[in-house]
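The values are calculated or read from the model by the stated rules, or taken from the named source; none is laboratory data. Since we're looking at a predicted model, the values are computed, not measured. Methodologically, a virtual Cβ is constructed for each residue, glycine included, from the backbone with ideal geometry; neighbour enumeration extends over all protein chains shown. In case anyone asks, the SASA skips ligands and DNA or RNA and just uses the protein heavy atoms, side chains included. Shrake-Rupley method; radii C 1.70, N 1.55, O 1.52, S 1.80 Å.
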Amino acid sequence: MENVCEQCAKPVQADGDHVKCMGFCDQLVHAKCAKMNAAFLKVLRERKNLLWMCDECVKLIKMTRFKGVMSSVSCAVSSIASSHGEAVGELKQAILVNGQRIEQLSKSVSEAATTPLTSRYATAEPPKKRRREERIMGSKPLLAGTKSSTSQTVLTVSPPKKLFWLYLSRIRPTVKPEAILELVQDCVQSSGDPIKVIPLIKKDADLNAMNYISFKVGMDEKYRDIALDTGTWPHGLLFREFEGTSVKNYWAPSIPRVSPSTPRIEITPASNPPSSIIDPGPLEIGS
């Protein structure tokens with residue numbers, strides 16, 4: 001069959017100027033029909049790696065590439081949809097499990113709300129609080145041994161020494177416990193005997209809102225007389241024997257050792273007291 005031009009359908013001479021489509025059709029086209037000048041045709045023939053395709057084959061190539069891209073996109077979308085479906089399935093399962101738990105809790109709360117209090121706590125009576133001594137000893141009293149012992153392996157400690165407690169009041173809120181300790185040691189001439197000072201201040205109390213504070217002071221019984229003497233204490237300070245009111249709800253800071261260099265804090269009355277002073281009471285903390 002005679003070769004004809006794909007564009008003009010005229011015969012193509014073997015020695016004429018023409019070009020062959022290297023696309024899908026493999027047809028011959030006149031150089032003039034392909035709008036190709038002689039110089040370009042010469043370059044195309046000299047360079048074997050340069051290929052020419054007709055317009056229709058170029059369209060087909062583009063469509064083929066587009067289909068490949070769309071195929072890759074379709075695969076990616078399918079993969080994402082599959083992963084999304086698995087995640088949605090797991091989320092639905094978790095929601096179902098949580099819904100069942102919420103239903104069980106709601107049922108338990110409803111049953112508890114409809115149960116009378118008397119039947120709910122009939123067998124759950126709270127135990128009575130026991131004192132520390134009862135937890136240790138039970139209900140039986142402790143007995144003391146009377147036999148003299150020379151054992152050096154089992155040693156006992158002496159019972160705690162009974163102290164005389166004094167109540168001091170009308171003291172400015174700025175006065176610290178260590179200053180009271182130094183004052184008591186100086187006034188009663190304690191000669192190094194231990195003295196305990198406990199501020200009678202409620203927990204979290206605002207000292208700035210108080211007119212004065214009080215202290216509970218413990219000392220050896222031998223200082224009772226001198227401690228109850230009005231000539232022992234400075235003017236304006238109120239005092240009397242402490243009557244054993246519990247101070248467990250009050251703050252008791254640790255008292256550091258007082259050195260000779262510690263400055264003295266003068267204790268003066270908040271105001272000039274009248275001739276008949278009324279005892280403010282053992283736990284007075286100011287107004």
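Gain on full extension, evaluated as 0.36 nm per residue between S106 and R45 minus their Cα-Cα distance, stands at 13.2 nm.
Largest to smallest in accessible area, the residues D193, D15 fall in the order D15, D193 (1.4 Å probe, all protein chains included).
Just so you know, the Cα atoms of the range 14-73 work out to an Rg and Dmax of 14.1, 48 Å. Loop-located trypsin sites (Lys or Arg not before Pro) in the range 180-232 (DSSP state other than H, G, I, E, B) with a sparse environment of at most 11 neighbouring Cβ atoms within 10 Å: K203. Shown here for the range 6-50: trypsin sites (Lys or Arg not before Pro) in loop regions (DSSP other than H, G, I, E, B) with at most 13 other Cβ atoms within 10 Å, namely K35, R47, K48.
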